[in-house]
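J.: Sending over a structure as structure tokens; questions will come in a sec.
Just so it is clear, none of the values below were taken in a lab; they were calculated from the coordinates. Quick caveat, the model's predicted, so the values are computed rather than measured. Glycine also receives a Cβ, built like all others from the backbone with ideal geometry; neighbour counts cover every protein chain displayed.
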Amino acid sequence: MNALKENMNVPQHIAIIMDGNGRWAKQHNKSRIEGHKKGAQQIKKVLDGARKFGVKYITLYAFSSENWNRPKVEVSALMHLLEKSIKANEKDFIKNEVRFETIGDISALPSYCQKAIAKIKKSTQHFNKQTLILALNYGSRDEITRVVKKLITSAENNEISSKDITWECIQQNLDTAHIPDPDLIIRTSGEKRLSNYLMLQAAYAEFYFTDILWPDFDEQHLHDAIQEYANRERRYGLTSEQIQKQC
Ligand code: FPP
């Protein structure tokens with residue numbers, strides 16, 4: 001494993017679309033569920049690596065608002081895997097001072113998942129060394145729909161008027177209100193799309209696509225993604241010359 005160069009521009013927040021569990025399972029003559037299990041095991045490795053590299057926030061697309069449409073048996077296995085993974089990792093999170101958060105509407109998850117989530121959120125709420133955010137029953141379209149409903153209700157109650165609707169106001173009502181926008185979005189398995197993930201938050205994110213399937217994605221692959229990110233110039237609508245002057 002190569003170390004990251006000193007003074008390298010490490011992303012503060014990496015969001016990952018963990019894709020390819022099913023294809024990994026097929027390649028290894030295993031069931032899709034076995035693919036998800038191996039995928040779940042990679043999370044700890046990537047989280048440990050991210051901590052070592054100095055990445056403060058990691059957001060993982062664990063279950064999208066569209067994933068409910070998968071076969072019932074797969075959805076159920078993913079929910080049980082979620083509960084099991086949370087319980088198995090809680091001690092480790094406390095030891096490493098990792099805060100656990102979620103985005104998405106978790107009220108639709110089975111109660112045993114909600115219970116495990118509430119417990120780990122409470123036991124890690126004071127930590128700020130690193131934050132793991134699981135996107136669960138998350139989709140950007142659902143998120144923005146919830147924001148609009150909330151703001152309209154506030155307007156109907158005369159708490160806000162149209163002049164209060166700014167980007168900052170919308171941002172403060174997103175699920176990610178207290179989380180900085182992702183600097184880098186990684187998608188594994190060769191697919192090159194956002195799939196309803198952090199669509200507003202990704203406005204100025206850098207993208208990194210790799211053919212590696214999620215169950216094979218490890219610390220070295222994360223290292224490679226960060227290294228490529230460090231060589232990118234983020235311009236936020238400015239010219240390259242303007243950016244150089246700021247440095
Ligand atoms: C995409 O692979 C992966 C998911 C839809 C779920 C991600 C879940 C894990 C990494 C396991 C851990 C889960 C929890 C809930 C902690 P895919 O099934 O779409 O793969 P394919 O495109 O190759 O079929």
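J.: Using amide H atoms built in the peptide plane, which far-off residues or other-chain residues are under 5 Å from Thr102 H to H?
T.: The answer is Leu134.
J.: Which entries in the list Lys5/Lys52; Lys44/Lys87; Lys56/Lys245; Lys56/Lys192 go over 18 Å, if you measure between the two C-alpha atoms of each? It would help to have the intermediate numbers written out before the result.
T.: Working: Lys5/Lys52 13 Å; Lys44/Lys87 13 Å; Lys56/Lys245 28 Å; Lys56/Lys192 25 Å.
Check vs 18 Å cut-off fails for Lys56/Lys245; Lys56/Lys192.
J.: For region 51-112, report the convex hull volume of the alpha-carbon atoms normalised per residue, in Å³, without decimals. Display every interim value, and only then the final one.
T.: Working: hull volume 6.6 nm³, N = 62.
With only Cα atoms used, region 51-112 gives 107 Å³ per residue.
J.: Given the Cα-Cα distance of Ile170 and Asn29 and 0.36 nm per residue of separation, how much length would full extension add, in nm? Write down the numbers at each step before the final one.
T.: Details: separation 141, 0.36 × 141 = 50.76 nm, distance 4.61 nm.
Extra length from Ile170 to Asn29 when fully extended: 46.1 nm.
J.: Here's something else I'd like to know. Would you give the gap between the C-alpha center of region 97-128 and the C-alpha center of region 202-247, rounded to a whole Å?
T.: With region 97-128 and region 202-247 each reduced to a Cα centre, they are spaced 29 Å.
J.: Non-local amide H neighbours of Ser65 (under 5 Å, H modeled in plane, Pro and chain starts lacking H): which ones?
T.: Those lying under 5 Å, H to H, from Ser65 are Tyr138, Gly139.
J.: How about region 1-101: which trypsin sites (Lys or Arg not before Pro) there are in a DSSP loop, with at most 11 other Cβ atoms within 10 Å of their Cβ?
T.: In loop regions of region 1-101 (DSSP not H, G, I, E or B), the sparsely surrounded trypsin sites (Lys or Arg not before Pro) are Lys5.
J.: How about region 176-245: which chymotrypsin sites (Phe, Trp or Tyr not before Pro) there are in a DSSP loop, with at most 15 other Cβ atoms within 10 Å of their Cβ? Don't skip to the answer; put the middle values down first.
T.: Working: sites: Tyr197, Tyr204, Phe207, Tyr208, Phe209, Phe217, Tyr229, Tyr236; in loops: Tyr197, Tyr204, Phe217, Tyr236.
Those satisfying the criteria are Tyr204, Tyr236.
J.: Counting only C-alpha contacts under 8 Å and six or more residues apart, can you give the relative contact order of the chain as a whole percent? Working shown, then result.
T.: Values: 356 pairs, mean separation 70.7, N = 247.
Once divided by the residue count of the chain, the mean separation gives 29 percent.
J.: List every residue whose amide H lies under 5 Å from the amide H of Thr59, counting only residues 5 or more places away in sequence or on a different chain, with H placed 1.01 Å from N in the peptide plane.
T.: The list, which skips near neighbours in sequence, is Ile14, Ala15, Ile16, Ile133.
J.: Quick one: what are the phi-derived ³J(HN,Hα) couplings along region 184-194, Karplus 6.51/-1.76/1.60 with θ = phi - 60°, whole Hz, x for glycine and proline?
T.: For region 184-194, the Karplus curve yields 9, 10, 10, 10, 8, 6, x, 7, 10, 8, 8 Hz.
J.: While we're here: I'd like the distance separating the alpha-carbon centroids of region 14-89 and region 129-160, in whole Å.
T.: 24 Å
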